[in-house]
Amino acid sequence: MSVTDKFIQQIDANKAGLIKRLADAVAIPSVSGDARYRQDVFRMADWLVKELEALGAKTELKPLGKQKLDGKEIDLPPVIFADYGTDPKKKTILVYGHFDVQPALKSDGWNTEPFELVHDEKTDRLYGRGSTDDKGPVLGWINVIEAHKQAGIELPVNLKFCLEGMEESGSEGLDDLIVAEKDKFFAGVDAACISDNYWLGTKKPCLTHGLRGISYFKLSISGPGSDLHSGIFGGIVHEPMTDLFHIMSSLVTPQGEILVPGIKELVDPLTDEERKRYEVMEFGVKDMNEATGSATTISDEKEGILMARMRYPSLSLHGVEGAFYEAGTKTVIPAKVIGKFSVRLVPSMTPDKVAELVIKHVQSEFKKLGSKNTMNIELANAGKPWLADPNHWNYAAAIKATEKVYGVKPDLTREGGSIPVALSFSEVLGKNLLLLPLGRADDGAHSTNEKLDLSNYVEGTKLLGVYLHEIAATA
Ligand SMILES: [Zn+2]
């Protein structure tokens, strides 16, 4: 029997143990966004350290200082650094995950207690907060180490863990730590793997090698000293809302085409190799309609929809602050309104260049209006897009591992949203990074009744382990 078969057999033999471990982790309500649960986030870190140490890993808790939350100054949860193996002949893989979770109350609409893992035998799903985001995947790595010990197999790579407790609350303090530890803890890392996203659908595994960035703008128009009545002042003054709607309309067409000059030219051209990836992806118009609860996709073709999400920029109008929004027919002229919109960025767009183009366009559109109001536009926040080379050995190993465990070639996807830590690791360490999701698109990560299918947990654990063996064999 091959080493990987032995490992797989060991995982299958210990399903109950895997479930028990996840149940213990889910039982700790490590909600990072609520000061009342801060002790539990610390407790969760201690629990993980104990698990890792019991298997022979060398761990260290890195304090991150304090933060202000709910009007109090409290300690940030520590980051866990752990080393498992330091053999210079082996590759060293950095694993990132997080042990904090989103808030959850049964009264939010959960069918079961959110902090009690429930194995629904009928659907073979594991329900509980953190089951899929991100405790299941983090424990997947621990399961891998444990199974190797139990089966008497040597781990084929060195593992470095970087586990944080603030991911759901903006990863406060993590970026600085990554920079500070670049040549210390992170020295010697050959490649990195994050398991904290999801399959594109519910049936076919995928590897993710790109994320879009974002530039978020606030556009304010002010005129009158206070809100006015249209019966008295209508037709007399330049109205801020009218100016704002004209400018907002000049940003994007109903077909999603970005009208800001110069943006489209920044987008990298589509290659044949990339086009083929969309053709084989298991995701169609029907899936997207299910996801949006409507039949409102701009494109009626699968490739068009997938490319719109993964490889093209988009511009969305989000809201208007200061506008009248309640029911009724109030005849107010708002004195100041702030329009909010954002651009999702793809390679090779940069937030700086996009801000320059957007601001120039908005200024020129405002000038055309001939309005005596005052316009101001600011870039409220921004993050760069991320793209990794899927032809790297890190991806080759994960592709082979997926074929071995699931019997299919995984889709090579990119995501429409952002995972800031992915960009930080790539930029600071300069190493290839792989996003290797375990869960499915319908897991409900930040929602009520979050779940992880038992098969995704078990097969996903196998996937992580076989991936490490494929690295040793391929790289
Ligand atoms: Zn997560």
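The values are calculated or read from the model by the stated rules, or taken from the named source; none is laboratory data. Computed from a predicted structure; not experimentally measured. Positions of Cβ are backbone-derived with ideal geometry, glycine not excepted, and every protein chain shown enters the neighbour counts. Just so you know, the surface numbers come from the protein's heavy atoms only, side chains and all, with ligands and any DNA or RNA stripped out. Shrake-Rupley method; radii C 1.70, N 1.55, O 1.52, S 1.80 Å.
The calculated FRET efficiency for the pair residue 9 and residue 267, based on their C-beta separation and a Förster distance of 45 Å, comes to about 0.40. Calculated mean residue ellipticity at 222 nm for the chain: -11000 deg cm²/dmol, from DSSP H runs with n ≥ 4 weighted as -39500 (n - 2.57), summed, divided by the residue count and rounded to 500. Per residue, the convex hull spanned by the Cα atoms of the range 280-322 measures out at 93 cubic angstrom. In plain terms, the chain is cut at each of the trypsin sites (Lys or Arg not before Pro) found in a DSSP loop with at most 15 other Cβ atoms within 10 Å, and the longest leftover piece is 204-329. Separation of the range 85-125 from the range 286-303 is 30 Å, based on Cα centroids. Our Cα-only numbers for the range 334-475 put the radius of gyration and Dmax at 21.8, 69 Å. Around the Cα centre of the chain, unit charges on the Cβ atoms of Lys, Arg, Asp and Glu (plus for the first two, minus for the last two) sum to a dipole of about 440 debye.
Dipole of the range 313-400, Cα-centred, from +1 at each Lys and Arg C-beta and -1 at each Asp and Glu C-beta, to the nearest 20 debye?
180
Of the residues 256, 338, 317, the one whose Cα sits farthest towards the positive end of the charge dipole of the range 256-396 is 338 (charges of +1 on Lys and Arg Cβ, -1 on Asp and Glu Cβ, taken about the Cα centre). Taking a Cβ cut-off of under 11 Å around residue 285, the surrounding Lys, Arg, Asp and Glu residues balance to a net charge of -3, with basic ones at +1 and acidic ones at -1.
Post the alpha-carbon centroid distance, the range 1-58 to the range 325-367, in whole angstrom. If you average the Cα positions of each part, the centres end up 45 Å apart. How about the range 260-357: which GluC sites (Glu not before Pro) there are in a DSSP loop, with at most 15 other Cβ atoms within 10 Å of their Cβ? Loop-located and lightly packed - 301, 326. Extent along the principal axes, Cα only, for the chain: 84, 53, 49 Å, with the longest axis given first. Taking a sphere under 11 Å around the Cβ of residue 251 and counting the other residues whose Cβ falls inside, with K and R at +1 and D and E at -1, yields a net charge of -2. Charged side chains reduced to their Cβ positions (Lys and Arg at +1, Asp and Glu at -1) give the range 66-225 a dipole of some 500 debye around its Cα centre.
Chymotrypsin sites (Phe, Trp or Tyr not before Pro), restricted to the range 6-46: which are DSSP loop and have at most 14 other Cβ atoms within 10 Å? Here no loop site has a sparse enough neighbourhood. Solvent exposure of the chain amounts to 45 Å² per residue of accessible area, where only protein heavy atoms count and the probe is 1.4 Å.
For the range 117-243, the fraction of 1.4 Å probe accessible surface lying on carbon and sulfur atoms is 49 percent. Please state the relative contact order of the chain as a whole percent: Cα pairs under 8 Å, 6+ residues apart? Relative contact order for the chain comes out at 24 percent. Going toward the positive end of the dipole of the chain, with +1 on Lys and Arg Cβ and -1 on Asp and Glu Cβ, which of 348, 381, 308 do you reach last? Among 348, 381, 308, the one farthest towards the positive end of the dipole of the chain is 348. Taking every alpha-carbon pair in the range 73-223 and binning the separations at 10 Å intervals from zero gives 9, 28, 34, 21, 7, 2, 1, 0 percent. Which loop chymotrypsin sites (Phe, Trp or Tyr not before Pro) in the range 346-399, with loop taken from DSSP, have no more than 12 other Cβ atoms within 10 angstrom of their Cβ? For chymotrypsin sites (Phe, Trp or Tyr not before Pro) across the range 346-399 that sit outside H, G, I, E and B with at most 12 neighbouring Cβ atoms in 10 Å, the list is empty. Kirkwood hydrodynamic radius computed over the range 195-248 comes to 16.1 Å, based on all pairs of distinct alpha carbons. For the charge dipole of the chain, defined by +1 on Lys and Arg C-beta atoms and -1 on Asp and Glu C-beta atoms about the Cα centroid, which residue among 107, 455, 297 has the Cα displaced farthest towards the positive pole? Working it through, the farthest residue towards the positive pole turns out to be 297. Would you mind telling me the share, in percent, of accessible area of the range 332-475 contributed by carbon and sulfur at probe 1.4 angstrom? Of all accessible area on the range 332-475, carbon and sulfur atoms account for 49 percent.
Under the criterion of Cα pairs below 8 Å and six or more residues apart, the relative contact order for the range 93-171 equals 47 percent.
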